[in-house]
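For reference, the structure discussed in these notes is given below.
Every number in this text was worked out from the coordinates using simple rules, so none of it is lab data. None of the values given here were measured: they were computed from a predicted structure. A quick note on method: Cβ atoms are made from the backbone with ideal geometry, for glycine too, and the neighbour counts reach across all protein chains shown.
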Amino acid sequence: MAFDQNMRAHVAFVQAGLAWLWWYDSQVNQMAFTSFPGMSNPRLATDEKRDAELAVSDVVLSYMSGGNLCCRIQRERFTVERVLTAAPGLQLVSVARNTGNRLQWECFPIA
């Protein structure tokens, strides 16, 4: 779960093996469900929380897909998949801001 700049909740979850995102779609001015086949371990984070940086803030959807660590961002309506790194044999556990104000991903080997 993460909150956008207006404190609207965004929720990522898996139901019956299919990843879903419940998010505020500003094009239709309402909450929407979007499914993502092939996605696993979805996690959400707000990339920038400082007041002075809200104009460039995004909710980031991070996940595993095809052995890669990937992300999609709010300003692109979660439509563009960006591969961050190859991560075969790993699962995404969490994503959060670290003490250096950067996003940091934590992955563990698949047990």
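When you check Ala19 against the structure, is it under 11 Å from the mean Cα position of the chain (by Cα), surrounded by 13 or more Cβ atoms within 10 Å (Cβ to Cβ) and part of a strand (DSSP E or B), yes or no? No: the conditions fail for Ala19. Go through the residues of segment 50-68 one by one and say whether even a single one is within 14 Å of the chain's Cα centre (by Cα), hydroxyl-bearing (Ser, Thr, Tyr) and exposed (fewer than 13 other Cβ atoms within 10 Å of the Cβ). Looking for residues that are within 14 Å of the chain's Cα centre (by Cα), hydroxyl-bearing (Ser, Thr, Tyr) and exposed (fewer than 13 other Cβ atoms within 10 Å of the Cβ), one finds none in segment 50-68, hence no. One residue stands out in segment 53-111 among those that are basic (Lys, Arg) and assigned to a strand (DSSP E or B): the one that is farthest from Gln30 (Cα to Cα), namely Arg97. Kindly evaluate Val83 against the criterion of being touching a Pro at 6+ places or on another chain (Cβ under 8 Å) and among the hydrophobic types (A, V, I, L, M, F, W, C). It is false that Val83 is touching a Pro at 6+ places or on another chain (Cβ under 8 Å) and among the hydrophobic types (A, V, I, L, M, F, W, C).
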